[in-house]
Amino acid sequence: MNRRKLLPALGLLAVSALTLAGCASTAETGSGDGDAGSKKMITIGVTQIVAHPALDATLVGFKKALTEAGYVEGTDVTYDEQNAQGDQATASTIAGKFKDDNVDLVLAIATPTAQAAAQTITDIPVLFTAVTEPKEAGLVAEWDAPGANITGTSDLNPVKEQLQLIKDVLPDAKTVGIIYSSGEVNSDVQVELAKDAAKKLGLTIKEATVTVASEVSQAAESLGDVDAIYIPTDNKVTEGIGSVIQFAEAKQIPLFGAEGGQVESGAIATYGIDYTDLGFQTGLMAVRILKDGADPATMPVETLDKISLIINTGAAERMGVTIPAAVLDKADKVID
């Protein structure tokens, strides 16, 4: 072949090879579709209102679901974990940061941080967890049809069964004190449910409210002469539960919780959900969004069907309570 004709032909082959190599490189890098098999690093912003065992457990479960789906932390996904330390203004700042960073998805743990995310972020998928009543909190239009970029899992607890548990342990109880945060929608909902249940059980509810965790001890003392104390899944009160436990033990007033972490901390008993499982279920929703392109607007809010009876016999003894054998026999978990 003529040398002059050969050189252009070789040049054309070289360009073609480079083009193919470039296409292969692009395919390996990924196009941002969120597939765990691609090289693109997914960023998930995590905003949590405070640190306590139940909320911490949801993140553990969430990460477990992502890992099992192939999103390995540090390789396929990175978590930008932020804690608002109980401050709503800080929660809003965190939400603004995630919006500016254009993260791939936001996980909002608890109602106040979910509200901050919903108010700030409109074009990034947001999942909430440990939210009691998302519709009442203004997060979704309806449980079955959220309608925007936010959906998630609810930790609506079996308040009726929890009040019945108090009567099962303390048949002669007449008055139950409830300590809760006046600024948390989730707590307002639970207190109303407790009042409805109490009427049917012949119980009178006495309320004490707080605005910050440091007021919990004073709120407990303000309840006066009650037969038992009940704490809902309230973030501020759970943050300060240690002072309630000390008060209950000193005054020999039985303390009942609304979730397992409170019982592990020193409340007597509860019927509650497993927050690690709740977080795992939220993680499965995240996988459907990231991998399958699911739209939060059409993803119904989910709940856990299973509840467990958790009893702390050591706490009961310290508060002067003997758990009836019929109640102990039904326990799913007993803490000494």
Among ASN102, GLY138, VAL237, whose Cα projects farthest towards the positive end of the dipole of the chain, with charges put on the beta-carbon of Lys, Arg (+1) and Asp, Glu (-1)? ASN102
Residues of the stretch 27-168: accessible area per residue with a 1.4 Å probe, Å²: 39
Test item: Cα-centred dipole of the chain, Lys/Arg +1 and Asp/Glu -1 on Cβ, debye: 1120
Whole Å is fine, so just give me how far the alpha carbon centre of the stretch 50-98 lies from that of the stretch 253-300. 14
Grab the other residues whose beta carbon is less than 12 angstrom from that of GLY147, score K and R as +1, D and E as -1, and report the net. -2
Cα pair distances of the stretch 78-178 binned at 10 Å [whole percent]: 15, 39, 22, 15, 8, 1
Reviewing (1) 55, 25, 16; (2) 42, 19, 18; (3) 51, 19, 16, the figure for semi-axes √(5λ) of the Cα gyration tensor in Å actually calculated from this model sits under (3)
Within the chain, which is the longest segment containing none of the GluC sites (Glu not before Pro) that sit in a DSSP loop and have at most 16 other Cβ atoms within 10 Å? 143-336
Hz values of 3J(HN,Hα) by residue in the stretch 150-166 - Karplus curve (6.51, -1.76, 1.60), Gly and Pro given as x: 10, 7, x, 10, 9, 9, 3, 8, x, 4, 4, 5, 5, 5, 5, 4, 4
Paramagnetic reach from ASP80 in the stretch 43-65 [backbone N under 11 Å; point 7 Å along Cα→Cβ]: 43-47
Roughly how many Å is it from the Cα centre of the stretch 302-336 to that of the stretch 163-201, as a whole number? 17
Placing +1 on the Cβ of each Lys and Arg and -1 on the Cβ of each Asp and Glu in the chain, which of SER222, THR204, PRO158 has its Cα farthest towards the positive end of the resulting dipole? PRO158
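The values are calculated or read from the model by the stated rules, or taken from the named source; none is laboratory data. Note that the structure is predicted; figures quoted are calculated from it, not measured. Here the Cβ is made from the backbone with ideal geometry for all residues, glycine too, and neighbour counts use every protein chain on show. Surface accessibility is based on the protein's heavy atoms, side chains included, excluding ligands, DNA and RNA. Shrake-Rupley method; radii C 1.70, N 1.55, O 1.52, S 1.80 Å.
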